[in-house]
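Below is one structure, written out as structure tokens; comments come after it.
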Amino acid sequence: MSQNLAADETLDRSQGPLNSNTRAGKRAARTTWTEMRKAWQAYALLAPTFLMLIAFMYYPPILGLIRSFFEWAPGTDATYVGLSNFRAYFAYPETPREISNMGKLILFGLFSNMVVPFVMAEMIYSVRSMVAKGFYRLLIIIPMLTPGLVTILLWKHIYDPKFGPVHTLLSAVGLDALALNWLGEPSTALYAIMGVGFPWVSSIGTLIYLGGLAQISASIYDSCLLDGCTGLRRVLRIDLPLVLGQVRLLAILAVIHGLTAFNTILVLTDGGPGFVTTVPGLTMYKRAFLTQQFGYGSAIGLMLFVIAMVLTLTVNRSVRPFGEDEAGR
């Protein structure tokens, strides 16, 4: 092997820079292949996992995206229809309302998943007692143990127009005019859905921010203290710029969740009253699994995938963590 490499180097020097680059690439490829052969046992152990990932995690969504150009249902042959599924969805009278609802939920999700957890993380991080700080972290983690569906059903009871706590509390303080059927009124249904999870202290978001704050050097805080940069000024000028990586991550997660999640709407209102709270994801689910229009549902899924990709790239380009620009250069 060493003799071959030496021969390659001799040829590189004698045949010029262009051929030298080609030879270097071949040497790198041969070295990589040699290293892979030495670790063949590790690749053999990983192969079943990757095969199952391809079969169960990658193949179904890719097939679904391809079938968005077909009219098909399980057990029947797929018929190519081109862009007919997309034209049918955009010709649907409720499509503009669905997209508008989705946009509102995304904007609200950016606030509830980014701003509120950041405030909570700052409050916990500012606690001096390590015991108290650990206790607050535990309180933040506990809601993660509760299944999401249980939380949604609990909020459905909270909004109950007859026996729910919201109705009872408003009636008790003399605000009967506000004791509405929050999920049944077209003017309040979507905002009631946004209120689920109040005060919106996301466990994952708070922990992510806490991890980012913990990585800030203590010397930076000492310098801030000497310069008189404390309180809200320190948060805005020091903490926030140094956790922009976490901000970007949570922004992307909030966008993807706002585009794809419909379980809360399905359980609370089923898209009603009428179509007031319907979103594209809910229509995708109903068309695919209730009316067996899988091609139509796949078309909506492809549309959501494209929107998610565009918004994700936009967030990646617009939110630049401190030092990333310099590292990229």
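Quick look at the numbers
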quantity: Sequence-distant residues sharing a close amide H with Phe70 (under 5 Å, placed H); calculated: Val81
quantity: Most fluctuating residue given options Ser68, Ser100, Ser112, as computed from a GNM of the chain linking Cα atoms under 10 Å; calculated: Ser100
quantity: The chain: angle of helix 130-141 to the longest principal axis, Cα-based, in degrees nearest 10; calculated: 80
quantity: Cα radius of gyration and Dmax for the chain (Å); calculated: 27.3, 95
quantity: Average Cα contact separation per residue, the chain, under 8 Å, 6 or more apart, as relative contact order %; calculated: 25
quantity: Where trypsin sites (Lys or Arg not before Pro) fall in DSSP loop in segment 99-188, at most 12 other Cβ within 10 Å; calculated: Arg128, Lys162
quantity: Charge-dipole axis of the chain as Lys and Arg at +1 and Asp and Glu at -1 on Cβ define it, positive-most pick from Trp72, Val115, Ala44; calculated: Ala44
quantity: Computed magnitude of the charge dipole of the chain (debye, nearest 20; Cβ of K, R +1, Cβ of D, E -1); calculated: 620
quantity: Cα centre as origin, Lys/Arg/Asp/Glu Cβ charges: segment 213-319 dipole, Debye; calculated: 200
quantity: Estimated inter-spin distance, Asn316 and Leu232, nm [label 7 Å along Cα→Cβ]; calculated: 3.6
quantity: Over segment 212-317, relative contact order from alpha-carbon pairs under 8 Å, at least 6 apart, %; calculated: 23
quantity: Gaussian network model of the chain, springs between alpha carbon atoms under 10 Å - residue of Ile54, Ile99, Ile66 with greatest fluctuation; calculated: Ile54
quantity: In Hz, Karplus ³J(HN,Hα) per residue of segment 212-224 (6.51, -1.76, 1.60; θ = phi - 60°; x = Gly, Pro); calculated: x, 5, 5, 7, 6, 5, 5, 5, 5, 5, 5, 5, 4
quantity: Per-residue HN-Hα couplings for segment 48-54 [Karplus 6.51, -1.76, 1.60; θ = phi - 60°; Hz; x = Gly/Pro]; calculated: x, 4, 5, 5, 5, 4, 5
quantity: Chymotrypsin sites (Phe, Trp or Tyr not before Pro) within segment 97-199, DSSP loop, no more than 11 other Cβ atoms inside 10 Å; calculated: Phe163
quantity: Gaussian network model of the chain, Cα within-10 Å springs - most flexible of Ala308, Ala179, Ala218; calculated: Ala218
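Any read-out appearing in this document is the output of simple, stated calculations on the displayed coordinates, not a laboratory observation. Not measured: the values here are computed from a predicted model. As a convention, Cβ positions derive from the backbone with ideal geometry for all residues, glycine included, and neighbour counts pool all protein chains shown.
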